[in-house]
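Q: So that we are looking at the same thing, I have put the structure below in structure tokens.
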Amino acid sequence: MRRAGLAVLACLLAPAVALADPRPIVSGYATAVPVVAKHGMVVTQEAEASRVGLDVLRRGGNAVDAAVAVGFALAVTLPRAGNLGGGGFMLIHRADPGTTIAIDYRETAPAATGKDVFLDANGEADPFKSRWSGLAVGVPGTVAGLELAWRKYGSGRFTFADLVAPAVALARRGLTVDDDLADSLPQAAPALARHPSAARIYLRPDGSPPQAGDHIALDDLAATLATIAREGAPGFYTGPVARRLVDAVQAAGGRMAMDDLAHYRAIEREPVVGDYRGHTIVSMPPPSSGGAHVIEILNILEGYDLAAQGLNSAAALHEMAEAEKLAYADRAAWLGDPDFVRIPLKGLTSKAYAAALRTRILPDRARPAADVGPGDPPAYESDQTTHFSIVDAEGDAVSNTYTLNFSYGSGLVADGTGVLLNNELDDFAARPGAPNAYGLLGGDANAPGPNRRPLSSMSPTIVLRNGEVEIVTGSPGGSRIITTVLQIVVDMIDHGLNVAEAEGAPRAHDQLYPDELRIERGVSADTVRLLEAMGHTVVVREAMGSANTIARSPDGVLTGASDPRQRGTLAVGY
């Protein structure tokens, strides 16, 4: 492991996107100095999991092997987001033969899920049903997704059990509460306290959250992981573990059945691909909305000279916010599970459509949300999440985002398994126009239904230059994931920031509703005044996202950075 002591070193080692200025900048969060390595790099939201992944790379594993080990390790060390009981998306780039694969292991609704499942007796959306009851729990996809990735794209040097083994060892050791865990548990305590099976693990006997230095025993989780290591995914989706998962969900009022688990499958999909100023953007297709809208927004922004306008200038933020409004309007109208609805994906991501949308942006005036509707793309064709990025010595890369939805999901642990269960079905539109927990609107395209996968904002993304990996990135953050990933790409390509500078730069976000431009601290007061004069309602909110990014130069040098907004993150390389 090497950490660059000087920003000059980072500059001399030629990051994939050249620095405009070799001096480190100080953003609202940290002095930006990336980690530098040659042979492999792992960047995650939790230090122990980063070390697990790096050890796999050192022992001859490829990026996928490391990703599988990291995915299971985070289920132990980052319980609020790392998971066995949730789901997500993995993007895999293989340098030879130069292809990128998207694995969709998003949760599915149980077969008994009806369209009105989250409505009360008056036909109104009932947030408790969709967020805290057993009805909120989707069929978990993580174990199936990680096994699929290993089976088809692993190096062949490790058995599945080899890659689960570090997580088993970590769970048997249990958790010593660190600062990051101590930060998250007080907010989650009310949800965890609803379920004795969760409270016994993650709360003290008096119901208070553990403090830094306390020990959390994870014996049940260790046993579940050992079963998965021994039996593979069937050990999770059938048999005693599956029975306990189903019993827990049904006891909480849900409709999950044994057949729902037994029939779950992770799916390979074609990535969504775009071009931005000569860089190829590869991201996740539906049921993630992230890839489509990252590319849609970039296509709109390509018509503006962002570099000349300057990083986080009023003009650049205005254009970005107005482009984001248009994309989020399209998200509500067009996006859903592609196995059940027809999505005009190529239309949404086309340059011609972006050019038409660009004409709707006023150069000096914000449009009120009520005046922004979805576009008419060309015809159809046949907060708490975690992201990690990995690149190996051969130039293979993994960009993976997975989640329980809320921090610690529904707060429900299936008794005897140690598995925290998601509340991911809140990502459906309970009824047209009803906002989910992140304020996102949806329509019939994202309605609940049997075996459907709810729409997601997760946006694992890989940027290529001349066919080779240049940037690997992604972030948690609910509805802010799309704009966080967008700004990482723009800040590196348009503004020449290195990975650490891009991670630390202040972020902005506009998702149409609520009708506000959300910014982080660090944007100048003069810029805020200019934006308000244009008609934006500017609000300063808490930090957005926790991106983990790797850049790769043409000669193979890797620079990586974990987001300074959360404690416990770590970029490691060798």
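Q: Where Lys and Arg each count +1 and Asp and Glu each count -1, what net charge lies around ASP183 among other residues with Cβ under 10 Å from its Cβ?
A: The answer is -1.
Q: What is region 328-376 by shape, rounded, prolate or oblate, if you read a ≥ b ≥ c off the alpha carbon gyration tensor as root eigenvalues and call it rounded for a/c under 1.5, prolate for a/b larger than b/c, and oblate otherwise?
A: Oblate, since a/c reaches 1.5 and b/c is not below a/b.
Q: Once all Cα-Cα distances of the chain are split into 10 Å bins that start at 0, what whole-number percent is in each one?
A: Binned Cα distances yield the sequence 4, 19, 30, 28, 15, 3, 0.
Q: Note down the magnitude of the dipole of region 285-415 about its Cα centre, charges +1 on Lys and Arg C-beta and -1 on Asp and Glu C-beta and zero elsewhere, to the nearest 20 debye.
A: That gives region 285-415 a dipole magnitude of about 540 debye.
Q: Let me ask something additional. Hey, rough spin-label estimate for ALA212 and ASN122, points 7 angstrom out along Cα→Cβ, what's it come to in nanometres?
A: If labels sit at ALA212 and ASN122, their model points lie 4.6 nm apart.
Q: Can I ask one more? Would you list which aspartates and glutamates come within 18 Å of LYS152, measuring only between C-alpha atoms, while excluding same-chain residues fewer than 8 positions from it?
A: ASP65, ASP96, ASP104, ASP162, GLU231, GLU268, GLU270, ASP392, GLU394, ASP396
Q: Give me, ordered by chain and number, the residues 5 or more places off GLU46 or on other chains with an amide H under 5 Å from its own placed amide H.
A: Result for GLU46 returns LEU570.
Q: Determine, from the Cβ-Cβ distance of ARG157 and ALA533 and an R0 of 56 Å, the FRET efficiency 1/(1 + (r/R0)^6), rounded to the nearest 0.05.
A: Efficiency, rounded to the nearest 0.05: 0.40.
Q: Sort region 105-187 into rounded, prolate or oblate with this rule: let a ≥ b ≥ c be the square roots of the eigenvalues of the Cα gyration tensor; rounded if a/c is under 1.5, and if a/c is not under 1.5, prolate when a/b is larger than b/c, oblate otherwise.
A: Oblate, since a/c reaches 1.5 and b/c is not below a/b.
Q: Which value in nm describes the separation of the simple spin-label points at ARG360 and ARG265, placed 7 Å from the Cα toward the beta carbon?
A: 3.7 nm
Q: If you take the beta carbon distance between ASP275 and ALA307 as r and set R0 to 30 Å, what does 1/(1 + (r/R0)^6) give as a FRET efficiency, to the nearest 0.05?
A: E(calc), rounded to 0.05, equals 0.95.
Q: For the pair ARG243/GLU231, report the inter-label distance in nm, with labels modelled 7 Å from Cα in the Cβ direction.
A: Each label point lies 7 Å from its Cα, and together they span 1.0 nm.
Q: Return the lysines within reach of LYS129: Cα separation strictly under 21 angstrom, same-chain partners fewer than 8 residues apart disregarded; answer none if there are no such residues.
A: LYS115
Q: Among PHE128, PHE160, PHE72, which comes first, second and so on when ranked by fewest other beta-carbon atoms within 10 Å?
A: By the 10 Å Cβ count, ascending: PHE128, PHE160, PHE72.
Q: Based on alpha-carbon centroids, what's the gap between region 496-574 and region 188-245 in Å, whole number please?
A: For region 496-574 versus region 188-245, the Cα centre distance is 34 Å.
Throughout, read-outs are computed from the coordinates displayed, never taken from laboratory work. What you see is a predicted model; the values in this text were computed from it and never measured. Cβ coordinates were reconstructed from backbone atoms using ideal geometry, including for glycine residues, and neighbour counts include every protein chain displayed.
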